[in-house]
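Reviewing the structure listed below.
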Amino acid sequence: MSTSFRAIGVIDYKDWLNPKEFSYEPQDLRDNDVEIKIEACGICGSDIHAANGDWGEPYAPLAVGHEIVGTVTAVGPNARFKVGDRVGVGAQCDSCKSCKRCEKGNENNCKKQVGTYMGKYEATGKPSQGGYASHVRVNSEFAFKIPESMDSNFVAPLLCGGITAFRPMMTYGVKKGTKVGINGIGGIGHMAILFAKALGAEVTAISRNDKKKELALSLGADHYISTDEEDFATKYEDSLDLLINTASSFSETAIDSVLNLLAPYGQMIFITAPPITDKLTLTPFQMLFNNISVGGSVIGSPKDIEYMLEVAAKNDIKPMIETLDINEENVKTAWERMTKGDVKFRFVLTGYDKYFGN
Ligand SMILES: NC(=O)c1ccc[n+]([C@@H]2O[C@H](COP(=O)([O-])OP(=O)(O)OC[C@H]3O[C@@H](n4cnc5c(N)ncnc54)[C@H](OP(=O)(O)O)[C@@H]3O)[C@@H](O)[C@H]2O)c1
Ligand SMILES: [Zn+2]
Ligand SMILES: [Zn+2]
């Protein structure tokens, strides 16, 4: 068992695009915990928000990364895995397990939850560090067995992006013929297309321009709407039952126009997590005259994640990825390219053994 983990992350938020290596002393291995030697980690849009200070600057150094796959290297006496198991970890690594929300199985809404990064362990006050690192230690209830048929690099993005895309579809009860729109075709948006198609939905991809049209259709989308098309909001009105908004900025997406795409009793669900000071302007008249509702959704509970992995394995859901070996230079490149929207559609960091050794 290691007493020091190596990681790559933000040393100074003002210079966030120059990530550097650092070492940190991990949280003690508690009775329920597992220690995982990391093999792959997806780069979620949230990594960028966290690293660039969109969500504040709680501590540095900060290693982000919460789409982790690796092998268990140490276990506490009550952990639910054994050394050698291949497991995955998403955006949450602990919860209180005693509040009303946890008791109901909504651990992802626990107010005392610990994020895989940007979290704090209550008992020790230690900050959590994510998956751009040699190892990670988490409560084993927030680690998940990876189905044998799934490749580590392809399954990594599902652990945050996949469940975030899938959970609103579970809540709505998407089934054959449900008309699902996905606004923002990035990492999560493209996974949402794959899951919605697997559930039999009629899928509309919605993007700021027509650059992603061919790719979205090749992923299975039935229709494509470009929001720079004049009159798109009236031309395609009433065409959706459920609209999942994954676009990482409000300012660049015409939210009130996009709402016009919902048929009566339709729902728009935000999964986007923009800078904490961002406000959303909505017109109540638009909502009431159309009987539409607007909500939000955050990742999924451990049970939801297990179900999502089952659905993904059964339907052979494979995100479109670009792999990069982990090192300071490649993390920088990935972050720069993501900021420009230059990735189809998820970066996955690999080559951990090469960089961190054994
Ligand atoms: N709720 C949750 O539990 C949860 C979990 C994970 C992530 N998130 C959040 O979900 C959002 C999407 O994450 P992601 O991993 O899919 O990110 P991503 O790969 O960067 O995709 C974001 C998409 O947003 C659209 N967009 C709109 N305005 C933009 C702008 N100014 N700059 C760049 N893109 C813009 C783009 O789609 P088009 O080019 O098609 O318009 C882009 O592909 C992020 O805010 C992330 O923090 C939430
Ligand atoms: Zn994420
Ligand atoms: Zn709780």
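The values are calculated or read from the model by the stated rules, or taken from the named source; none is laboratory data. Computed from a predicted structure; not experimentally measured. As a convention, Cβ positions derive from the backbone with ideal geometry for all residues, glycine included, and neighbour counts pool all protein chains shown.
Of all strands (runs of 3 or more DSSP E) completely enclosed by the range 28-118, which ones contain at least 2 residues that are away from ligand 2 (no atom under 16 Å from the Cβ)?
It comes to 33-42, 68-75, 86-89.
Taking the criterion of being assigned by TED's automatic domain parsing to the domain that holds Pro274, surrounded by 19 or more Cβ atoms within 10 Å (Cβ to Cβ), within 16 Å of ligand 2 (Cβ to nearest atom) and not in a loop (DSSP other than H, G, I, E, B), would at least one residue in the range 203-221 satisfy it?
The answer is no; no qualifying residue exists.
Whether any residue in the range 73-93 is closer than 25 Å to Ala165 by Cα, assigned by TED's automatic domain parsing to the domain that holds Trp335 and surrounded by fewer than 23 Cβ atoms within 10 Å (Cβ to Cβ) is what I want to check.
The answer is yes, given that some residue of the range 73-93 is closer than 25 Å to Ala165 by Cα, assigned by TED's automatic domain parsing to the domain that holds Trp335 and surrounded by fewer than 23 Cβ atoms within 10 Å (Cβ to Cβ).
Say whether the condition of being within 16 Å of ligand 2 (Cβ to nearest atom) and either surrounded by fewer than 18 Cβ atoms within 10 Å (Cβ to Cβ) or not assigned by TED's automatic domain parsing to the domain that holds Leu349 (or both) is met by at least one residue in the range 132-152.
no
Taking the residues in the range 256-275 that are over 23 Å from the mean Cα position of the chain (by Cα) and in a loop (DSSP other than H, G, I, E, B) as candidates, determine which candidate is surrounded by the most Cβ atoms within 10 Å (Cβ to Cβ).
This residue is Leu261.
Out of the range 276-297, which residues are buried (at least 16 other Cβ atoms within 10 Å of the Cβ) and under 30 Å from Gly88 (Cβ atoms)?
Correct list: Ser297 only.
Only one of Asp85, Asp47, Asp94 is in contact with a His (Cβ under 9 Å, 6 or more places away or on another chain), among the acidic types (Asp, Glu) and under 30 Å from Met150 (Cα atoms); which?
Asp47
Out of Leu324, Leu309, I need the residue that is closer than 17 Å to Pro157 by Cβ and assigned to a strand (DSSP E or B). Which one?
Answer to the check: Leu324.
Does the range 328-355 hold any residues that are among the basic types (Lys, Arg) and either in contact with a Lys or Arg (Cβ under 9 Å, 6 or more places away or on another chain) or within 23 Å of Phe5 (Cα to Cα) (or both), and which are they?
Hits for the range 328-355 are Lys332, Lys344, Lys354.
Going by the structure shown, is Asn327 closer than 16 Å to Val64 by Cβ and either away from ligand 1 (no atom under 11 Å from the Cβ) or of a type in the set (D, E, K, R) (or both)?
When the stated conditions are applied, Asn327 passes them.
To keep it simple, each residue is scored yes or no on (1) free of Cβ contacts under 8 Å to residues at least 40 places away in the same chain; (2) within 16 Å of ligand 3 (Cβ to nearest atom); (3) surrounded by 21 or more Cβ atoms within 10 Å (Cβ to Cβ).
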| residue | (1), (2), (3) |
| --- | --- |
| Leu159 | no, no, yes |
| Pro168 | no, no, yes |
| Gly173 | yes, no, no |
| Thr178 | no, no, no |
| Asp231 | yes, no, no |
| Ala254 | yes, no, no |
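Restricting the range 94-114 to residues that are within 16 Å of ligand 1 (Cβ to nearest atom) and not charged (D, E, K, R), which is farthest from Lys126 (Cα to Cα)?
Among them, the one singled out is Asn106.
State which residue is farthest from the chain's Cα centre (by Cα) when the search covers only the range 330-352 and only residues that are within 11 Å of ligand 1 (Cβ to nearest atom) and assigned to a strand (DSSP E or B).
Selected residue: Phe347.
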